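For reference, the structure is listed below as structure tokens.
Read-outs: derived from the displayed coordinates by stated rules, not from any lab. Since the model is a prediction, treat every value here as computed from it, not as a measurement. Cβ coordinates were reconstructed from backbone atoms using ideal geometry, including for glycine residues, and neighbour counts include every protein chain displayed.
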Amino acid sequence: MTVNIEAVFLDLGDTMRILVKDEKHQSRARRRIVELVGTDENPEAFYETLNARYKTYRDWAFENMREAPEAELWTRWMTPEFPAERIIPHAVELSFQFRQSKGRRVLVDGGKEVVVELHRRGYILGIISNLITSQEVPDWMEADGFTPYFKSVLLSSVYGIRKPHPAIYHEAARRAGVEPERCAYVGDNLDRDVTGTRAAGFGMVIIMISPQDLAEATVTDENRPDITIHKFRELLDIFPAASR
């Protein structure tokens, strides 16, 4: 099945990275948010307000398969009562800090080694991820030395379209210079990641899911992946040295 795969695209959240709670990290981000917005409200209380508004935004984003530009996210959805001229210059950092206010993202076990080895084996690598921030991923990739390994990085915050819309997969494949049928996608969501990848015509979809979650999931013909894995390192068992 892997013979014709030339490119491997990775999801980030709960696939390549996981969320770790860190009270100091989260509190620091929440304090920074109130500074940027210019409010005297308690940072924790203001965070709860933002979180409720974010849930409303997510419902809209899910329904429309769109991601609002960061300036629109903050002026329309998150902080509409504050002057736009105050918010817009800080919108990128606000999105970044709001993500940090939920915890730290850390690599899964073997994350760097798997990426380096897949690249060494000759695969074109890419990222396709739904995110509200345009800053977090480029900063992380540069800091952790991932930038040279990924040819195509497509974030919904930049592209404006969210998974599972097939357009985001098509655009990622186009930027990688690979036909969709020669692309594989590795995600964690049976519904969003499988249906979107299938609709885009990708050649393979792999879902990383715990045995317990898999046992409790409802798997149908529509959301059945080609392969399920439990650990990120298992990708090295699936993709041998690429043939050219």
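Things worth noting here:
- Nonlocal amide H pairs with Ile161, under 5 Å, H built at 1.01 Å: Glu67
- Flagged links, alpha-carbon separation over 24 Å, of Lys55/Lys163; Lys21/Lys55; Lys21/Lys231; Lys21/Lys163; Lys112/Lys151; Lys112/Lys231: Lys21/Lys163
- Choice from Val114, Val219, Val34 with maximal GNM fluctuation in the chain (Cα, 10 Å cutoff): Val219
- Longest exposed-site-free window of the chain, the sites being GluC sites (Glu not before Pro) in a DSSP loop that have at most 10 other C-beta atoms within 10 Å: 82-221
- In a DSSP loop and with at most 14 other Cβ atoms within 10 Å, the trypsin sites (Lys or Arg not before Pro) in the stretch 118-181 are Arg121.
- With 0.36 nm allotted per residue and the present C-alpha distance subtracted, the Trp140-Val116 stretch has 7.1 nm of extension available.
- Nitroxide proxy distance, nm - points 7 Å out along Cα→Cβ at Glu41 and Ala84: 2.0 nm
- For the chain: rounded, prolate or oblate by the Cα gyration tensor [a/c cutoff 1.5]: prolate
- Cα-based shape type of the stretch 126-244, given that a ≥ b ≥ c are square roots of the gyration tensor eigenvalues and the cut on a/c is 1.5: rounded
- Over the chain: helical MRE at 222 nm, DSSP H runs n ≥ 4 each giving -39500 (n - 2.57), nearest 500: -12500 deg cm²/dmol
- Using a cutoff of 8 angstrom between alpha carbon atoms and counting only pairs six or more residues apart, the relative contact order for the chain works out to 26 percent.
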